[in-house]
1. Starting from the Cα-Cα distance between T76 and E151, subtract it from 0.36 nm times their residue separation and give me the gain in nm to one decimal.
2. Return the calculated 222 nm mean residue ellipticity for the chain, to the nearest 500 deg cm²/dmol, obtained by summing -39500 (n - 2.57) across DSSP H runs with n ≥ 4 and dividing by the residue count.
3. Where Rh is the Kirkwood radius over the Cα pairs of the stretch 23-105, the temperature 25 °C and the viscosity 0.890 mPa s, what D in µm²/s does Stokes-Einstein return?
4. For the pair E83 and E14, how long in nm is the line joining their label points, each one 7 Å along Cα→Cβ?
5. Quick check for the chain: number of Lys pairs with alpha-carbon distance under 21 Å, counting only pairs 8 or more apart or on different chains?
6. Quick check: with the 1.4 Å probe, what order do W90, W149, W96 take by accessible area, largest first?
7. What is the Cα convex hull volume of the chain when expressed per residue in Å³?
8. What does the highest-first list of 63-69, 15-21, 118-124 look like by mean Cβ count within 10 Å?
Amino acid sequence: PLAKQLTIPSSEPETILDTLKILRARKNAFVLCPDLKRVAALIAGYVAQEEKHTVSLICPNVRDAELLAGALSHLTPAYISGEESNGARWKAWMRWRKNETRLMIATRIGALLPHPALSTVFIIRAGHENHKQKDQNPRYDTRSALHLWHEQTHGKLFFMDVMPRGDDLAWCN
């Protein structure tokens with residue numbers, strides 16, 4: 001459904017292009033994105049401009065991941081939600097690991113699926129409580145795990161949401 005609605009107002013392309021310039025120049029940032037249409041537009045622009053980057057989108061829930069996968073289907077992303085069978089998850093992960101696609105869209109499980117050439121991670125709706133798994137093992141917070149990845153690999157890490165958490169602002173300077 002979102003793929004058909006991926007039109008942004010005619011007054012916004014310049015703002016999106018300016019945001020893309022900033023993202024290309026920075027290693028981390030908080031990006032104000034009021035909805036998934038604008039998130040998808042920014043991601044599509046980023047993937048188009050950064051042709052050598054392997055990109056991962058980490059979503060807080062299956063619905064957001066499905067909507068973004070539909071909106072970005074022209075980029076043939078690997079899609080992992082945790083609800084698919086183990087075999088389907090393995091195939092999607094291997095497609096991404098073998099560089100058959102440069103984009104993976106996943107729920108928080110994606111933070112635990114490594115890629116040797118991963119260069120950019122976007123945490124979608126970064127303030128959402130579902131980024132923290134507290135009810136079963138392994139207990140982890142996607143944002144903290146990816147911040148550690150960012151510090152160790154110097155990859156790009158972007159938090160996207162309507163409003164930043166205090167931790168997000170501290171991490172993004």
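The values are calculated or read from the model by the stated rules, or taken from the named source; none is laboratory data. From a predicted model like this one, the values you see are computed outputs, not experimental measurements. In this analysis, Cβ positions are derived from the backbone assuming ideal geometry, glycine residues included, and neighbour counts consider all displayed protein chains. Calculation scope for accessible area: heavy atoms of the full protein, side chains included, ligands and nucleic acids excluded. Shrake-Rupley method; radii C 1.70, N 1.55, O 1.52, S 1.80 Å.
1. Values: separation 75, 0.36 × 75 = 27.00 nm, distance 2.88 nm.
Full extension of this stretch gives 24.1 nm more.
2. Working: 6 runs with 67 residues, N = 173.
Helix contribution divided over all residues of the chain: -12000 deg cm²/dmol.
3. On the way: Rh = 13.5 Å.
This corresponds to a translational diffusion coefficient of 182 µm²/s.
4. Reported label-point gap for E83 and E14 is 4.1 nm.
5. 10
6. Numbers: W90 145, W149 45, W96 0 Å².
Largest accessible area first, the residues go W90, W149, W96.
7. Details: hull volume 19.8 nm³, N = 173.
Each residue corresponds to 114 Å³ of Cα convex hull volume.
8. Numbers: 63-69: 21.3, 15-21: 14.1, 118-124: 22.9.
Put in order of decreasing packing, that is 118-124, 63-69, 15-21.
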